[in-house]
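The values are calculated or read from the model by the stated rules, or taken from the named source; none is laboratory data. Predicted model, so just to flag it, every value in this text is computed and none were measured. In this analysis, Cβ positions are derived from the backbone assuming ideal geometry, glycine residues included, and neighbour counts consider all displayed protein chains. Side chains included, ligands, DNA and RNA excluded: accessible areas come from the protein's heavy atoms. Shrake-Rupley method; radii C 1.70, N 1.55, O 1.52, S 1.80 Å.
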Amino acid sequence: MITVKDLTKQYPDKVALDHISAEFPRHQTTAIVGPSGSGKSTLLRSLNLLDRPTGGEMTIDDLHVDFSQALSNATVLKVRRHFGMVFQEKALFTHLNVLHNLTEGPVKVKKIPKAEAAKQAQALLDQFHMGNLAERYPYQLSGGQQQRVAILRALAMQPEYLLLDEPTSALDPELEAQVLRVLRSLAEQNTSMLIVTHNMRFAQLVADRVLFIDDGKVGFHGSSEDFFSSDSPRIKQFLGAMTF
Amino acid sequence: MSEFIDLAIKYLPSLLKAAIQYTLPLAAISFFFGLIFAVITAVIRLAKMPQNEWAAAFLKILKAVAATYVWFFRSTPMLVQLFIVFYGLPNAHITFFSNAWVSAITVFSLNTGAYASESIRAAITSVPEVQKEAALSLGMTNWQVYWDVVFPQAARISIPPLSNSLISLVKDTSLASVITIVEMFYLSQQIAAQNYHILSMYILAALVYAFLTSILAIIQHYLERYTSRFAQ
């Protein structure tokens with residue numbers, strides 16, 4: 001379980017996260033939704049410390065992090081080991097083929113022997129029907145294939161939580177459907193996921209919980225059913241403006 | 001024309017030998033050290049300020065030194081730099097540089113390093129930020145991010161400008177003749193002074209330089225083709 005308490009991210013001219021408190025249970029999918037620029041991505045990136053919160057606390061299982069104090073490099077690495085991340089943009093390593101994209105983390109970070117890592121990576125690719133892409137370089141893949149490989153690259157590290165930052169926003173509807181199928185299958189396998197998404201239909205379909213961020217603050221935090229049937233005028237207004 | 005061909009047959013082997021004995025080693029050694037200077041300088045100039053006050057102050061000094069180094073070697077002629085190091089420093093009792101080879105390699109390396117550092121800096125900054133973030137999110141250390149992800153991608157981008165630096169360096173080694181190194185151009189001068197075929201001897205020297213730099217251009221072409229396998 002990840003617990004954040006009073007998480008704050010303040011820029012000189014703007015408060016991106018304003019005392020966010022929330023819980024993200026394991027083996028559940030949480031959709032982080034909200035208007036553009038509300039702080040959803042900042043929250044996600046704060047969890048694995050790509051963005052450093054300026055205040056608040058975070059607990060990941062037994063690991064406690066207090067953002068009012070300077071973090072050591074060891075703590076940062078320890079935190080990141082809990083997470084895998086999939087980015088909005090194409091973030092596969094362009095100089096490596098698909099198989100090596102999947103083995104880079106396990107070999108370099110977890111020190112798994114290359115042959116063993118390659119075997120595991122190939123098995124993962126086969127499991128998601130992408131074994132034939134192993135030798136291809138990122139530029140030889142479609143956008144949907146790239147994002148699916150990016151998901152597998154994150155999974156190859158066997159993270160406890162998978163963070164996805166609008167993983168389908170740059171894809172056309174057909175390619176988006178390919179990626180969403182993979183995510184749905186992961187959700188069905190009880191993978192712990194936190195997904196920033198604008199796709200409300202997908203959120204409604206796969207998310208167990210919803211965190212609605214509005215102007216850097218928590219606007220709603222609870223079950224997916226409660227969110228989508230909420231009487232709150234603000235949530236209704238938000239959902240009304242979104243495409244299902 | 002037949003006279004030129006006779007001269008070529010007679011002197012080309014000596015010029016090629018001088019190129020292999022002096023020009024190429026001078027260029028290769030200087031380029032090797034130049035690349036080391038370039039990478040160090042580029043990394044220092046791109047380094048983000050650490051939170052620790054003392055570390056930040058130290059990095060600030062390093063950045064100023066790196067910027068001054070690049071500025072000096074890019075804004076002064078290499079010939080003047082050679083004179084300062086070979087004739088000037090020993091005159092100020094820094095005798096280490098009274099050896100012509102040491103002076104030449106020092107100046108060529110520092111000069112190449114200053115120019116190449118800008119090429120490497122540009123190549124590193126052209127690697128998208130998301131590539132670094134993806135590596136960090138896998139749990140890589142900063143060193144691993146640069147070594148395993150950023151440098152390999154930056155290397156591909158920097159092949160053309162670095163090849164230009166190497167080709168320029170091969171030609172610039174002729175300047176070593178002014179500090180008594182009998183490299184290929186100096187040898188052609190000596191031969192021309194003896195046989196008075198001045199134009200022919202200098203054309204021969206030019207042809208040898210053109211031959212060497214053409215080989216480098218071909219290697220550059222194949223390197224670019226090889227590295228383009230992972231990007232369009």
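One table, with the values for the structure above:
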read-out	value
Residue-count net charge about residue A:21 - beta-carbon cut-off 11 Å; Lys, Arg +1, Asp, Glu -1	-2
Gyration tensor (alpha-carbon) shape descriptor, chain A, a/c threshold 1.5	oblate
Most mobile of A:45, A:181, A:81 in a GNM of chain A (Cα contacts under 10 Å)	A:181
Solvent-accessible area buried by A and B, counting both chains, probe 1.4 angstrom, square angstrom	2200 Å²
Between the stretch B:200-232 and the stretch B:79-141, the alpha-carbon center distance in angstrom	23 Å
Within 10 Å of each Cβ in A:108-116, the average number of Cβ atoms from other chains	2
In Å², nearest 10: area of residue A:66 left accessible to a 1.4 Å probe	50 Å²
Residues of the stretch A:175-227: accessible area per residue with a 1.4 Å probe, Å²	42 Å²
Reachable aspartates and glutamates from residue A:110, criterion Cα separation under 19 angstrom, eight or more residues apart if same chain	A:160, B:133, B:148
Neighbouring partner chain Cβ atoms per residue of A:75-82, average, 10 Å criterion	2
Pairs from A:90/A:217; A:40/A:90; A:14/B:60 whose Cα-Cα separation, in the structure shown, is over 26 Å	A:90/A:217; A:14/B:60
Positive-end extreme of charge dipole, the stretch A:1-94 - chosen from A:72, A:7, A:21 (charges on Cβ)	A:72
Hydrodynamic radius of the stretch B:83-161 per Kirkwood, over alpha carbon pairs, in Å	15.0 Å
Sequence of B:177, A:68 when ordered by accessible area, the most exposed leading, probe 1.4 angstrom	A:68, B:177
Using θ = phi - 60° and Karplus 6.51 cos²θ - 1.76 cosθ + 1.60, couplings along the stretch A:58-73 (whole Hz; Gly, Pro as x)	9, 10, 10, 6, 9, 9, 10, 10, 10, 7, 7, 10, 5, 9, 7, 4
For residue A:88, residues with placed amide H under 5 Å, excluding near neighbours	A:165
Candidate residues B:147, B:101: accessible-area rank, largest first, probe 1.4 Å	B:147, B:101
Helix-only [θ]222 nm of chain B, DSSP H runs n ≥ 4, -39500 (n - 2.57) each, per residue, nearest 500	-25000 deg cm²/dmol
Accessible area of the stretch A:84-189 belonging to carbon and sulfur atoms, whole % at 1.4 Å probe	49 percent
Other protein chain Cβ atoms within 10 Å, averaged over every residue that makes up B:123-134	4
Max mean-square fluctuation residue, GNM over chain A, Cα-Cα springs under 10 Å, options A:60, A:112, A:20	A:112
Heavy-atom SASA rank of A:225, B:183 (probe 1.4 Å, accessible area, largest first)	A:225, B:183
Charged-residue dipole, Cβ positions (Lys, Arg, Asp, Glu), chain B about Cα centre, Debye nearest 20	300 debye
Proximal aspartates and glutamates to residue B:171, defined as alpha-carbon separation beneath 20 angstrom and excluding residues fewer than eight positions away on the same chain	B:183
Per-peptide average of other Cβ atoms within 10 Å, ordering A:154-160, B:205-211 highest first	A:154-160, B:205-211
Within a Gaussian network of chain A (alpha carbon springs, distance under 10 Å), most fluctuating of A:110, A:14, A:40	A:14
For chain B: rounded, prolate or oblate by the Cα gyration tensor [a/c cutoff 1.5]	oblate
